[in-house]
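Where a number appears in this text, it was derived from the coordinates with a stated rule and is not lab data. On a predicted model such as this, the values are computed, not experimentally measured, just so you know. Counting neighbours? That spans all protein chains shown, and the Cβs are built from the backbone with ideal geometry, glycine included.
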Amino acid sequence: MTKPVPLRLHVVFNNVVSKSHLQSAWGFACLVEHRDTNILFDTGGDGHILLSNMQKLGLNPKEVDTVVLSHIHRDHTGGLAAFLVHNHEVTVYLPTSFPPSIKHEIRTLGARTVSVSGAQKLFGRFYSSGEMGQALVEQALIVDTDFGLVVITGCAHPNVAAMAERACEYLGKDIYLLMGGFHLSGSSEAEIRSVIKRLKALGVEKIAPSHCTGEKATRLFREAWGRDFLEGGLGAVIEVPLSTGKQ
């Protein structure tokens, strides 16, 4: 038996703070680290803050090989250009609905772009939920582990429960961890409890909301998940065993 290989999730940009020595700002970015694969999911709204936080956390932007953008809002894409100045040798996966001008700008900075439409495998254990939503299109990043799925959402504009359901239906597995922005800051308690009910019905084991989730919703998620509620704010590091280590 070999030692289980962990998946590490570093929250490097967030307006919700877990570690105070980092600079917070409205937006979200998470570095997903596994073996020789380093994925930057979203880039926050400010490249200087993103790169500064990564440096303070000992994370080298030049070691990132993939960028996944959830949706077009600037608080999730605003740090991309500054990041690509430091490291353009990446593949950027972005929703097909992104304007051609943005894709052209990314390629001009030296990176490769891949447009994502439907739910699909990106590479290895990493998948996209595919484009979801109508007026505002968004994708989630999904990691397939032996313990269940890890689903990361940027803002979950299409409804976080719907995005979680898509992940489960697509890969036919339960969710071990759901994290990111859940877009519930303006929602009523009844609406939030409805989302919680749907996520509980899916069997979501652990949860780490932040960014646009809102204080009320975060409190209700904490109450609902108890010890399985994880801090997902700026500076948080969440470690998930990717495999059992069994041969």
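Among the residues of the range 141-169, count how many are touching a helix residue (DSSP H, G or I) at 6+ places or on another chain (Cβ under 7 Å) and more than 14 Å from His73 (Cα to Cα).
Count: 9.
Of the conditions (1) more than 19 Å from Ala224 (Cα to Cα); (2) touching a residue at least 12 places away in the same chain (Cβ under 8 Å); (3) under 18 Å from the mean Cα position of the chain (by Cα); (4) surrounded by fewer than 18 Cβ atoms within 10 Å (Cβ to Cβ), His157 clears all except one; give me its number.
Status for His157: all satisfied but (4).
Which of the residues belonging to the range 64-89 are β-branched (Val, Ile, Thr), surrounded by fewer than 23 Cβ atoms within 10 Å (Cβ to Cβ) and more than 17 Å from Gly181 (Cα to Cα)?
Listed by number, the residues that qualify are Val64, Thr66, Val85.
I need the full set of residues from the range 161-175 which are touching an Asp or Glu at 6+ places or on another chain (Cβ under 8 Å) and buried (at least 21 other Cβ atoms within 10 Å of the Cβ), in order please.
Matches in the range 161-175: Met163, Ile175.
Identify all residues within the range 165-179 that are out of contact with any Cys (no Cβ under 7 Å at 6 or more places or on another chain) and not in a loop (DSSP other than H, G, I, E, B); write none if there are none.
Glu165, Arg166, Ala167, Cys168, Glu169, Tyr170, Leu171, Tyr176, Leu177, Leu178, Met179 - these are the residues of the range 165-179 that are out of contact with any Cys (no Cβ under 7 Å at 6 or more places or on another chain) and not in a loop (DSSP other than H, G, I, E, B).
Output the number of residues of the range 1-44 satisfying the condition of being part of a loop (DSSP other than H, G, I, E, B) and over 20 Å from His88 (Cβ atoms).
Of the residues in that region, 18 qualify.
Of the conditions (1) closer than 23 Å to Ser18 by Cα; (2) within 18 Å of the chain's Cα centre (by Cα); (3) buried (at least 19 other Cβ atoms within 10 Å of the Cβ), Ala217 fails just one. Which one is it?
Among (1) closer than 23 Å to Ser18 by Cα; (2) within 18 Å of the chain's Cα centre (by Cα); (3) buried (at least 19 other Cβ atoms within 10 Å of the Cβ), Ala217 violates only (2).
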